Amino acid sequence: MPSAARKPFRPPAVPLLACDPYFSVWSFTDKLTDEKTKHWSGSNMPLTGMLRVDGQTFRFLSADPGKTPAMEQKSLEVLPTRTIYRFEAAGVALALTFTTPALPHDLDLLAWPVTYVNFELKSLDGRSHEASVYLDALADLGAANPQQPVAWSRLNLGNFSVLRAGTVEQPVLQKTHCERIDWGYLYLATPSEKGRQTVANAEEARNGFIKDGSLPVHDDVDTPRPTCQGWPVLACTLDFGAVNAPASRSLVFAYDDLFGVELFNRKLRSYWRKKHADIGSLLREAFARHAEIEETCAAYDEELMADLRASGGEAYARLCALSFRQCTAAQKLCADYDGKPLHFPKENYSGGFIATVDVHYPAAPFPLLFNPELLKAELTPVFDYVRSGNWPYPFAPHDLGDYPKANGQTYGGTHLPLDKQMPVEECGNMLLMVAALAKIEGHAEYAKAQWPILEQWAGYLLEKGFDPENQLCTDDFMGHLAHNANLSIKAILGIGSFGMLCEMTGKREDAAHYTKQARAMAEQWRKMACDGEHYRLAFDKPGTWSQKYNLVWDKLLGLNLFPAEIARTEIASYLKRQQPYGLPLDSRGTVCKNDWSIWSATLAEARVDFEALVEPLYTFAAETPSRVPLTDCYWCDKGVIRNFQARSVVGGFFIKLLADEALWTKWANRRRA
C-alpha cells in the first residue's frame, strides 16, 4: 500500500448532512468537537451534540458549549453513503453515523432530502451506565442569514415527533447566486417513545441538558423572530437508560424546499414528491424503512469500496468515497410535469450556474457508472433548450442559467458574446456523453431522439474543431487559447463518437464518412502536436505540454482513433512532471485539476503508473490546510486551494471503473429490486 494510505484518512472536510446544494452541512476540522459545523460554502450551520453518562456531560459535536469536556475522538471513516465517528468517555463508546441514502440506482432514494443520524452506545468496562444523547440544530439552517425572521412549529406524526423551522418570507425560487436557501422548511424528527423535543434559545436548551439531562418543558413561543435574537435551536434528547450491551437510537433530519428548480419558467418539484404528497408521508417511510436502508447502505459501501480498491488501490478508493456524497449533494433531482426525472448540478463556488455542460462532462463518469438514466436526466434539458429556438448558435450551450433558475444561458453576460462561449468544448462534451450512453446501453435510442442537433454539432466540429480558434475551454480560469491540442482531441473524438452513433443507428455511409474524417484528423494531430518526448499544449507552441485528459474516451468508447503510443508517451511525461501534490494541468504553471488528473492517470496501462499519479492527489486531500469540501483546483506545489470547492465534477474520479467494462456494466445495470 502506498505510504499515504497506510494511516487514517484526514479529509479536508467531512460530509454530515449532504443532500443537495442548499441542504449541505459539513465538518471542516480534524475533530468533530473543534469547531462549528458549516455549509459547504463556509458559513456557519451549527449542529451541537452531547452525551450524558452517569450524571456527567460530554460533547461530541461542535465546539459549543465550549466549557463541556469533549469526548475523545478515536476514529473517522468516510464511506460513499455514510460518515462514521467513534468516541469514548466515562467508560462508554459512542459510534455516531450520518447516513444519506443517496443511492443512484434508486432515484426515489437518491432524491430523498433526508439524513439519518444514528447513535450506538456500548459499555467499555463491563459496567452498566445510565446514558442519554442531546442534539440540536440552529433554527436558521433554512435562512440566508441570522437577521431573517424565522418561525417554528411542532408536528405529531403517529409514533414520532417533528420540529419544523423556516423563514417567514418564504421567497420560493426567487433568488439566484445564493449559497444558502431561505425558503422551505427544516425538519428534525425523533421516535416519540425514546425522545423529547423542544424549541428554545441555544443556551437554555444546552444548559438544561448539561445540568440534569433535561430540556425546557415548553417551546419558546416568541416566534417569529430573527435567529440572532437568542439563537433558537430545534433540540431533542434520546434516552438510552442503562447501557451495557450495545444499544442504538436514531433521528432524522429532512428539508422540504417546496419547489426545487425553475425550468423554462415553470416550477418543478423535487423528485421525491412523485411518490409523497408531503413531507409527513416521506418521514413515515423513512422511519418505517430505517433498518432496511441502513443495511442496504452498509452493503453498498462495502461492495463499492472493494471494487474501487481492486481497480485503483486504497488511496483511489478513499478519494472516491469522499467524492461520492459531494457529487450527489451538488445536484438536485426534480420531476418534470410528466414525471420524468431531470437532474441539475449547481456550479458551486464557480459562478453558480445550473446545468453547466462542462460540469456535466467531468462529472459524467458518476451517472454513467451508477445509473445512465441520470445522465439522460441531465442532458435532456440542454437538448430541449436548443430545440426551443431560444439558443441562437450552431454549437452547444454552456449552461441553462443561474441556479436554481434554468431559463436559459447566462454565462458570458446577457448578450452572450461569442468570445465568452466554449463552442468546440461543449459540442465535443455533448457528443461524447451521448456516445457513452449508447455504449453502456447497447443501443442509440437516446441519440435518435436528438439526432438533428447531434448532427449539427458534429458538422460544427468537422469545420471548426481540429485546429480551434482562440477560445475558452472548460479550463476557462486559464484564459483563452488558440490551437489547443487537448481541445482538438475532444473535437476529433466527438466526430468519431458521432460516427459510432451513425453505425449504431444503421447510417453506415455517414458512419464511414465521420470515422474516416476523425482518423485522418488524429493522424494529422499526431504530427502537429508532437514535441519530442511529449505532446504540445498548443500546435504553435513548441516547448509546451499539457495533460491530454480528453484522450481517455478513445480508450473507453473503443474508438481507437489515436495510436496507443501517444498515451504511453504522455504517461511517461506526466510521471516526470509531478509536483508533491499532483500533476500540473499544463506548462503554464502549477495548477492541478484532480478530476482531470485521474482521467489522465486512467490512460496508464500499468496499475503502478495509475497509483503513482493518484497518490499525490490523495496526499493533497489528506494534508492540505485548505479545509473546505474537496476542491478540484489547487496549487500542486504548495498544496493549497486556488479556487472551486464542493463541486460535482469530482464524480469524474470514478472514471477508472469505466475502464473495466465488466465493472462498468455491473454497476450501470443495477436497479431497485
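A short reminder: the numbers here are calculations on the coordinates, not readings from a lab. What you are looking at is a predicted structure, and each value in this text was computed from that prediction instead of being measured. Reconstructed Cβ throughout: ideal geometry from the backbone, glycine too, with neighbour counts over all protein chains shown.
Structural remarks
- About its Cα centre, the dipole of segment 1-153 is roughly 440 debye, where the only charges are +1 on Lys and Arg Cβ and -1 on Asp and Glu Cβ.
- Summing Cβ point charges (Lys, Arg +1; Asp, Glu -1) relative to the Cα centre of segment 295-386 gives a dipole of roughly 240 debye.
- Cα shape, segment 385-469, gyration tensor, a/c 1.5 rule: oblate
- Footprinting exposure proxy ranking of VAL168, VAL649, fewest other C-beta atoms within 10 angstrom first, gives VAL168, VAL649.
- Between ALA299 and ASP540, the FRET efficiency estimated from the beta carbon spacing at R0 = 60 angstrom works out to 0.65.
- Shown here for segment 487-537: GluC sites (Glu not before Pro) in loop regions (DSSP other than H, G, I, E, B) with at most 14 other Cβ atoms within 10 Å, namely GLU533.
- Taking Cα centre as origin and charging only the Cβ of basic (Lys, Arg, +1) and acidic (Asp, Glu, -1) residues, the dipole magnitude of the chain rounds to 200 debye.
- All-pairs Cα distance distribution in segment 555-673, expressed in whole percent, bin size 5 Å: 2, 11, 20, 21, 18, 13, 9, 4, 1, 0, 0
- Segment 3-258: equivalent-ellipsoid semi-axes (sqrt of 5 x gyration tensor eigenvalues, Cα, Å): 28, 23, 17
- When both segment 320-367 and segment 1-65 are represented by their alpha-carbon centers, they are found 24 Å apart.
- Put in line by how crowded their Cβ is, counting other Cβ atoms within 10 Å and starting with the fewest, LYS332, LYS175, LYS490 read LYS175, LYS332, LYS490.
- Residue exposure sequence - LYS541, LYS7 - by fewest surrounding Cβ within 10 Å: LYS7, LYS541
- Look at the alpha carbon pairs under 8 Å that are at least 6 residues apart: their mean separation over the length of the chain gives a relative contact order of 13 percent.
- Cross-link pairs beyond the 18 Å C-alpha cut-off, checked among LYS376/LYS507; LYS340/LYS656; LYS67/LYS211: LYS376/LYS507; LYS340/LYS656
- For mean projected area of the Cα convex hull in nm², the candidate list reads [x] 37.2; [y] 27.9; [z] 33.9; the entry that matches the value derived from this model is [y].
- Signed unit charges on C-beta, dipole axis of the chain, positive-most listed residue LEU418, LEU304, GLN331: LEU304
- Dividing the mean sequence gap of close Cα pairs (under 8 Å, 6+ apart) by how many residues segment 543-673 holds gives a relative contact order of 24 percent.
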